[in-house]
Each structure stands twice: as C-alpha cells, then as structure tokens.
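Below is one structure; the comments refer to it alone.
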Amino acid sequence: QRVQTQNDIETAITEIFAPEDEGLRNALATAKAAGLPAIQISPIQGKLLQLLARAANAKKILEIGSLAGYSGIWLARALPEGGRLISLEIDPKHAMIIRNSFANAGVGDRTEVRVGKALDLLPHLTNEAPFDLVFIDADKSPYPHYLDWAIQLSRPGSIIVADNCIRGGKALRGSDDEQEESTAGLLEYNRRASSDPRLTSLALAVDSGHTDGFTISVVSSPV
Ligand code: SAM
C-alpha cells in the first residue's frame with residue numbers, strides 16, 4: 001500500500017478525530033461573510049486544545065485573541081457544567097460576531113467576551129484566577145508579557161498554550177527578519193517557556209502543513 005502524504009494523513013485524522021460540527025462550520029461561515037481573515041486554528045489544533053483542557057480538568061479557561069470565536073468554541077465545549085471561558089478581543093466589531101457564534105454553537109451560557117487591549121484587561125482578571133488553561137493567540141510582540149500574565153493567573157497544573165510559536169522555524173532559531181518585532185516576541189516567548197523553572201514546555205508543529213504550531217507549557221511548581 002502506498003505511503004500517504006502528510007495532507008492525506010491530516011485529512012484522515014481530522015475526519016476521524018476532529019470533525020467540525022454545525023456550530024464550528026457556522027462560526028467560520030459567519031466570519032467569512034463578515035470579511036474577517038481566516039487565521040483561526042485548524043480542527044486538529046482545536047481538538048488538541050480540548051484534550052488539554054480535559055486533561056487539566058479545566059473549569060476556568062482564559063483565551064487571549066478571539067477573532068470569530070472558532071478556537072473559543074472548541075475550548076468552551078471542553079468545560080463541564082458551570083465552567084467558564086473568558087475570551088479577550090481588541091476589535092469591538094468582532095465581539096458581536098463572536099457572541100452570536102458562541103450562542104449558535106450552544107456555549108453562550110459559559111462564555112464571556114471582553115473587549116479591549118489584552119494587556120489592559122489582564123490586570124482585571126486577578127480576582128477570577130486561577131485559570132486552569134490559558135490560550136494565547138493575539139498580537140505576537142507582547143507574547144512574553146502574555147506568558148508572564150498567564151503564569152500569574154495560573155495554579156500548579158495549569159496549562160498554557162501559545163499559537164504561532166514555530167513560524168517556519170523563525171520563532172525557534174530566528175531569521176534575517178529577527179529584528180521584526182513579532183518574530184522577536186515569539187523567539188523570546190520560546191526562550192522563556194523552555195527555560196523558566198516553573199514550566200515544563202514543548203513546541204509542537206501541529207498546524208496544517210506543519211510549518212507552525214503551539215508551544216505548550218504545564219505550570220509545574222507554585223506560582
Ligand atoms: N484564536 C482565534 C481562533 O483560532 O479562532 C484566532 C485569533 S487571531 C489569530 C488574533 C486575534 O487577536 C484577532 O482577532 C485580533 O483582533 C486579536 N488581537 C490583536 N491584538 C490584540 C490585543 N492587543 N488584545 C486583544 N486582542 C488582540
């Protein structure tokens with residue numbers, strides 16, 4: 001039997017383990033109709049977020065960067081009854097779309113979208129900490145600051161996931177455009193995630209095409 005291509009294998013894994021349902025498909029269609037860019041995570045990444053949330057027994061999840069609510073739906077569906085997802089989004093135009101998509105996917109009761117610059121909103125979350133899982137997927141240059149906040153808002157055993165932490169290798173070893181602010185933010189994120197003694201971390205190439213992916217950390221000592 002022929003060896004299947006990476007694409008075939010990804011399609012099969014998506015079909016078997018991470019099929020999109022009506023709520024997820026509707027969120028993508030609504031985002032497209034509203035002219036939002038299709039820069040959401042892949043279904044495999046969504047399922048991995050769900051799996052990590054369940055592994056952490058997550059009851060409270062924080063997301064930084066909502067776009068149209070696609071990753072938020074995957075995360076919210078991992079929550080038990082009474083669980084809560086707080087999603088931070090800078091663009092007020094997105095907020096209405098996100099809330100509608102959350103409601104349409106049946107997770108409106110357990111989700112909240114807060115509109116503003118994440119670095120302004122994060123200090124107001126200390127009363128709601130600890131979060132069991134934090135997903136970072138907003139602007140790239142402040143990623144190291146988002147990591148500091150994620151640790152501060154965590155407990156031992158919390159999981160921190162950051163998207164776009166590979167960027168074709170640039171976020172791992174740098175490149176000619178290392179001076180570019182976003183690349184520098186991602187490089188620094190990986191440097192800290194891999195060396196902070198409070199974290200056990202790994203970068204995993206999990207997007208379609210395997211040129212980008214998550215850095216996943218477990219908070220492994222008191223914060
Ligand atoms: N997590 C989403 C998903 O997979 O469905 C995709 C998020 S998209 C890559 C990044 C989002 O972060 C955009 O919606 C953008 O408006 C938002 N964003 C950018 N800078 C931000 C900031 N400083 N604070 C909060 N949100 C920000």
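The values are calculated or read from the model by the stated rules, or taken from the named source; none is laboratory data. None of these values were measured; they are calculated from a predicted model. Cβ: placed from backbone, ideal geometry, glycine included. Neighbour counts: every protein chain shown.
When region 50-74 is filtered for residues that are aliphatic (A, V, I, L, M) and more than 9 Å from the ligand (Cβ to nearest atom), the ones remaining, listed by number, are 51, 52, 53, 55, 56, 58, 61, 62.
Here is a yes/no grid of residues against (1) surrounded by fewer than 19 Cβ atoms within 10 Å (Cβ to Cβ); (2) over 29 Å from residue 24 (Cβ atoms); (3) free of Cβ contacts under 8 Å to residues at least 40 places away in the same chain:
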{"position": "102", "(1), (2), (3)": "no, no, yes"}
{"position": "116", "(1), (2), (3)": "yes, no, yes"}
{"position": "123", "(1), (2), (3)": "yes, yes, yes"}
{"position": "127", "(1), (2), (3)": "yes, yes, yes"}
{"position": "138", "(1), (2), (3)": "no, no, no"}
{"position": "153", "(1), (2), (3)": "no, no, no"}
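Scanning for something over 18 Å from residue 207 (Cα atoms) and either in contact with a strand residue (DSSP E or B) (Cβ under 6 Å, 6 or more places away or on another chain) or at pLDDT below 95 (or both), does region 24-31 turn up at least one residue? Scanning region 24-31, I find no residue that is over 18 Å from residue 207 (Cα atoms) and either in contact with a strand residue (DSSP E or B) (Cβ under 6 Å, 6 or more places away or on another chain) or at pLDDT below 95 (or both), so the answer is no. Restricting 75, 52 to residues that are buried (at least 17 other Cβ atoms within 10 Å of the Cβ) and in contact with a helix residue (DSSP H, G or I) (Cβ under 9 Å, 6 or more places away or on another chain) narrows the list to 75. Please verify whether region 193-215 includes one or more residues that are buried (at least 20 other Cβ atoms within 10 Å of the Cβ), free of Cβ contacts under 8 Å to residues at least 60 places away in the same chain and farther than 17 Å from residue 134 by Cβ. Yes; the residues of region 193-215 include at least one that is buried (at least 20 other Cβ atoms within 10 Å of the Cβ), free of Cβ contacts under 8 Å to residues at least 60 places away in the same chain and farther than 17 Å from residue 134 by Cβ.
Filtering region 60-92 to residues that are touching a residue at least 40 places away in the same chain (Cβ under 8 Å), closer than 23 Å to residue 17 by Cα and more than 12 Å from the chain's Cα centre (by Cα) leaves only 68.
Every residue in region 93-106 that is over 15 Å from residue 20 (Cα atoms) and not polar (S, T, N, Q), please.
Scanning region 93-106 gives 93, 94, 95, 96, 97, 98, 99, 103.
Within region 96-150, the set of residues being near the ligand (Cβ under 10 Å from one of its atoms) and among the acidic types (Asp, Glu) comprises 120, 137, 139.
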